[in-house]
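Engineer: Below is a structure I'd like to ask you about.
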């Protein structure tokens, strides 16, 4: 029932009414409340703020935030308090509860930079209240909305670098509840947090809050600026581990970041969230690994093409398996987010999803996973139009406060509790490397249908190998190996030693081809100077090949020396 890196399915239900929160805050502070407030007061006494900001990323943080606000109001009533963060942005968008403002003065929605600057100007007497940005407040006993500011939003290039100043990073505990090397990343050690892009470039999934700003407004961070921020955080924290907390980091953005890190010689370890896009080729995965990528997380949701289509996920199960295989070949761990109980999903489909997941684990394509029960949310396409997705929303009734998780009835299927118990049990064993050959039906306490998925499904999928050196693809050469060594032997023959992270690859070919290959590798090696020049494309190299033109190049591509060079680290990305 407990894990450090996931949420229980029924714990974080939206508080449609403020009543329960108000009752809890009326009780005397608990022991942990007192510990929290003691820590807060040390900072308040040291800083003597006139404005206190409280970030509430998740429902579990809300009570603690209001306990802090309550205590500050009691002892320092002149301090203005503003509330924001992911929970607020998602669940308090229709806020009508004036009692919240007994504890805080302002509530801001979405990105906080502009609302906070407008609020600071207002408190300094330089801006009218009507000219605030995306801000709730209490006026004449009722909740009022102020959004008259005309100032532009800050772009990803303008928001600056986050800071960990004031945090005693060396005093934080690393706590493990699993030995699984992928799963432990969430709680084992410190990771500097950044985003490659704001929002999601896909933003079509029917279960996702695609209409909200944090998903729907997509903007990538320029790679140079992102690398500047990485270097600044290394200098501040002394830590070289980074977690990119994107909704879905774009392949092009990650490619640009990887090249920039290699060109500037910035050594980090990083991981982040992606989509299972075919753009993550084997070569791109190798490039990401060379730049420090050790793991990725991605939503597979349901290993059923029918359900993925209903979700508008934009991927297939086979595609996800191939992308996972590409990361596996590059030595990058993969975590899959999984979902069950989607509208219209049958028990047969759930069991067949489990069989495909079993095969993904058995072949080492994924190392860990979470399995969540589907919940309709108020701002998702399903929540906004449940009838179109075959369900009926049954509650909760909006009580003027939080609104996000909805209960629903699915007339087509029922989702018994024992189904989730079996799915979680299977994952627990799979992540320990156990039970990977067992019949998936054994995990359930009730009879379930035999899956019709072939037990060699993954093998069949991976046998369909894509063309790596397609001359029509607009990809560019990048070298991730070490400095090559060219040795002559015999008449007109050369032995080129290509070092990489695991071995030295020896390539034997004519001296002319060796010289050409070394020139190509030099032009493909990431350096600071390359940032302005760019990298040669496959098309450019093929057309300019001096030893027989395009036909000569096509013959070279089919040769053993070429395959050896590609294996050693000559990538096309």
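Engineer: With respect to residue 436, is the statement that it is assigned to a loop (DSSP other than H, G, I, E, B), touching a helix residue (DSSP H, G or I) at 6+ places or on another chain (Cβ under 8 Å) and surrounded by 13 or more Cβ atoms within 10 Å (Cβ to Cβ) true?
Structural biologist: yes
Engineer: Among the candidates 529, 474, 487, 506, which residue alone is out of contact with any strand residue (DSSP E or B) (no Cβ under 7 Å at 6 or more places or on another chain) and surrounded by fewer than 15 Cβ atoms within 10 Å (Cβ to Cβ)?
Structural biologist: Only one candidate passes the filter, namely 529.
Engineer: Shifting gears a bit: Out of all the residues in segment 512-528, is one or more part of a helix (DSSP H, G or I) and either in the same structural domain as residue 286 (by TED's automatic domain parsing) or modelled with pLDDT under 95 (or both)?
Structural biologist: The answer is no; no qualifying residue exists.
Engineer: Taking the criterion of being part of a loop (DSSP other than H, G, I, E, B) and farther than 23 Å from residue 275 by Cβ, would at least one residue in segment 189-208 satisfy it?
Structural biologist: Checked segment 189-208: at least one residue is part of a loop (DSSP other than H, G, I, E, B) and farther than 23 Å from residue 275 by Cβ.
Engineer: Looking at this structure, is residue 301 in contact with a strand residue (DSSP E or B) (Cβ under 6 Å, 6 or more places away or on another chain) and either modelled with pLDDT of 95 or more or within 30 Å of residue 170 (Cβ to Cβ) (or both)?
Structural biologist: Yes; evaluated as a whole, the condition is true for this residue.
Engineer: Filter segment 205-227 for residues that are free of Cβ contacts under 8 Å to residues at least 60 places away in the same chain and touching a strand residue (DSSP E or B) at 6+ places or on another chain (Cβ under 9 Å); which is surrounded by the fewest Cβ atoms within 10 Å (Cβ to Cβ)?
Structural biologist: Here the residue is 217.
Engineer: Counting residues that are surrounded by fewer than 22 Cβ atoms within 10 Å (Cβ to Cβ) and free of Cβ contacts under 8 Å to residues at least 12 places away in the same chain, which helices (runs of 4 or more DSSP H) fully inside segment 228-329 reach at least 1?
Structural biologist: 305-310
Engineer: Does residue 355 satisfy being over 20 Å from residue 431 (Cβ atoms), buried (at least 18 other Cβ atoms within 10 Å of the Cβ) and in the same structural domain as residue 431 (by TED's automatic domain parsing)?
Structural biologist: No; evaluated as a whole, the condition is false for this residue.
Engineer: Can you find, within segment 551-573, the residue that is nearest to residue 282 (Cα to Cα) among those that are surrounded by fewer than 16 Cβ atoms within 10 Å (Cβ to Cβ) and free of Cβ contacts under 8 Å to residues at least 60 places away in the same chain?
Structural biologist: Among residues in segment 551-573 that are surrounded by fewer than 16 Cβ atoms within 10 Å (Cβ to Cβ) and free of Cβ contacts under 8 Å to residues at least 60 places away in the same chain, the one nearest to residue 282 (Cα to Cα) is 563.
The values are calculated or read from the model by the stated rules, or taken from the named source; none is laboratory data. As the structure is a prediction and not an experimental result, all values here were calculated from the model. All Cβ positions, glycine included, derive from the backbone under ideal geometry; neighbour counts span all protein chains shown.
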